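Laboratory data are not the source of any read-out in this text; all were calculated from the coordinates shown. Computed from a predicted structure; not experimentally measured. Glycine also receives a Cβ, built like all others from the backbone with ideal geometry; neighbour counts cover every protein chain displayed.
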Amino acid sequence: MEDFEQIISDCNAGSRKAQAKLYQQFAPKMFGVCLRYAKDATEAEDNLQEGFIKVFTNLKSFRNEGSFEGWIRRIMINVSLEKIRKQHLLYPVEDVSIYDSVNFSDDVIAKIAADDLMKLIQELPPRYRLVFNLYVIEGMSHQEIAQEMSITQGTSKSNLARARDILKKKVHETFGEWNAKNNYTA
Amino acid sequence: MKKDKNLDELFRSKLLNYEQEPPAYLLENILAGAAGARRKRKIVLWRIAGVAAALLLAFVAGWQFNSRNEIGTEPQVIVSQQSAPENAIQTAPEIKTLQAAPENIQLAAVNEPAKNNEISTKSIIKNSVSGKINLMAEALPVVSNDETILLKPLKSLFGLLKQDLASANLLHQKKLNDLKAEYPEKSIDQQIIEHNRQLTMAHTENTRKGRWLIGAQVSPEYNVSRSSHSQVYASNMLNASSNPVDLGGGISVEFKKGKRWSLQSGVYYSGMGQSSGNSAYPNRNLVSSDYGTEHGKEYFNAPVNIDSKSSKMIMNSAAGVIEFSGVPSGIVLGTNLEDKSLASNAVVVSEARFIQNFEYIEIPLYLRYSILDSRFDVEMLGGFSSNVLVGNNTYMESNTGKSLVGSTQNMESLNYSGTLGIGLKYGLSKRFYLNVEPRVKYYLNSLNSNSSVTYKPYTIGVFTGLSYEF
């Protein structure tokens, strides 16, 4: 812990060595976060770069009170979110449709690699990708997502349902086995 | 829901802690970017510090120059340079000569503009060490006309140059000049810009805040009588003949908000007269035609009654009932036995005119709107006034002269009037204005409370005066 605080302190002093150390410690995980929110690896790289520059320039505002990983992750998510906002890709989708449910067997799950799932997520439309990531992976509530993205909770639910539907179809197409069940809601 | 969780769990479990090594080149980019951001932040801080220091320096310099280089009251001048031989630095005595006769210099500048190689203040100062320095009067190409503000930096420059030139060592002096020239050069530019900015801001602020004008006006007032009476009253009434021209005037206070609208009030004195006479009456209705008057067969038929309450002599006039304080001297009364058309006890049989004078203090509230806003302003004005009666006298004018004989009964002590007018305003200077305002004032209620009398005159006046803006 002392080492970590020293690294942060050195980073604040502008030490390239300390910055490289910090980067190497968190970059793989944060790149994973960026990949989930980006449409492809190039965009994820851009976001990671921008995110880490922000981390280093705003490191003084981190008070060692919470989790550093949580703080840095939040920065990466915000950068990714901002990028999508700037690209005006947050088109509204308000319909709450009912979609078929899918159940995956453990065998199927075991077969699916994380990289493949990442690819499926990246192929989602930006808004669905955002909502799915925030709800399913980050564990945010629809209320929090609605506030974060300036949308209604209903829209958030609808987008999540649509994202799930697309993903299920794609999982089926990719990995074959799926069982259609009846309705579900967010 | 369970099925959803199945899918969600699939993605969460596989991706929550998903890690992937980013490309190696990213680190270098990030470190370079972070260093650049730090540099940028430092540069911004240095820039802020630099601007603050420059402002402080300019302020101190301006203050110092202004405080130590006060030179009399020269006209607006700008320093100009004429071609001159090298090393011909003019020392203080020559400059003093120029100072002593600024008017001549100004004249020369006007007559011979082409001969002078006029250059900007900036370049003048740079060359001031080796060049022959002259002063040339010229209007400065700036927004302001405020001489004191504009002269300050130039005075500072002049004083500075004088001091520098008076130094003993030429080389040393040159070095000093080179150093100092840079300094006032910035100071002058900055000061002129700053002063112009301040003036513009002050003007804008003034317009926004509002301005005050105080003024004094006088006016001849021509009163036009408008009255109606009950039949009985009118049958025993003096004939209103003419309306004397009175004098009015007062002090006005005006608050101007914005460019167009202003509100005006003040205190005005307003005199109003009503002249009535007993007209010559033909003697056809007379039982006896000889009243012993000098007019022979005529008599004057101003009916007179005695007030039952006050036991005073009263006469009906257009403005109301005139109550005499006593029987006026020089009046000849006769009984009214002869003229059956009159319901009065007596008639004034000698020629006389009765002048009722009413004096009012008027407190107006006018709204003014500027139609034309330039050196010659044209404004529309309209509003209402409260008029307090402060004088009520009746005079009798006869062959024996003019004397105070009484007053008019039942005059209202407070009246209201409406006013419409046109204001013509000519700017004599920046703050003084000449005003000429034709106005029509109309009384909204009857000035007399007698139920048989409705007396609502209107007044036409041309108010002329001066106003001062601050």
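Key figures for this structure:
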{"quantity": "Under 5 Å, built H, 5+ apart or other chain: amide partners of residue B:391", "calculated": "B:359"}
{"quantity": "Förster radius 35 Å - calculated FRET efficiency between residue B:312 and residue B:460 (Cβ-Cβ, nearest 0.05)", "calculated": "0.50"}
{"quantity": "Distribution of pairwise C-alpha distances over the range A:2-86, 10 Å bins, in %", "calculated": "18, 52, 25, 4"}
{"quantity": "Residue-span extension gain [residue B:445 to residue B:28] - 0.36 nm each, minus C-alpha spacing", "calculated": "140.9 nm"}
{"quantity": "Packing-based ranking, highest mean first, of B:38-51, A:22-35, B:381-394, B:15-28 given that Cβ atoms within 10 Å are counted", "calculated": "A:22-35, B:381-394, B:15-28, B:38-51"}
{"quantity": "10 Å Cβ neighbours from other chains, averaged over peptide B:21-32", "calculated": "6"}
{"quantity": "Amide H contacts of residue B:312 (H built 1.01 Å from N, under 5 Å, at least 5 apart or other chain)", "calculated": "B:307"}
{"quantity": "Calculated from backbone phi, Karplus (6.51, -1.76, 1.60) coupling profile of the range B:448-458 in Hz, x at Gly/Pro", "calculated": "10, 8, 4, 5, 8, 10, 10, 10, 10, x, 10"}
{"quantity": "Efficiency of FRET from Cβ geometry, residue B:384 and residue B:212, R₀ 25 Å, rounded to 0.05", "calculated": "0.75"}
{"quantity": "Inter-chain shielding of A:23-31 (mean C-beta neighbours from other protein chains, 10 Å cut-off)", "calculated": "4"}
{"quantity": "Inter-probe distance in nm under a simple model that places probes 7 Å from Cα toward Cβ, at residue A:144 and residue A:82", "calculated": "2.1"}
{"quantity": "Virtual spin-label span in nm between residue B:194 and residue A:67, 7 Å along Cα→Cβ", "calculated": "5.6"}
{"quantity": "Cα radius of gyration and Dmax for the range B:363-470 (Å)", "calculated": "18.6, 56"}
{"quantity": "Net +/- balance of residues flanking residue B:47 in space, Cβ distance below 11 Å, scoring K and R +1, D and E -1", "calculated": "+3"}
{"quantity": "Inter-site label distance for residue B:329 and residue B:46 at 7 Å from Cα along Cβ, in nm", "calculated": "10.5"}
{"quantity": "Per-residue ³J(HN,Hα) for the range A:55-62, Karplus 6.51 cos²θ - 1.76 cosθ + 1.60, θ = phi - 60°, Hz, x for Gly and Pro", "calculated": "4, 6, 7, 10, 4, 5, 7, 7"}
{"quantity": "For B:416, B:269, B:360, order by how many other beta-carbon atoms lie within 10 Å, fewest first", "calculated": "B:416, B:269, B:360"}
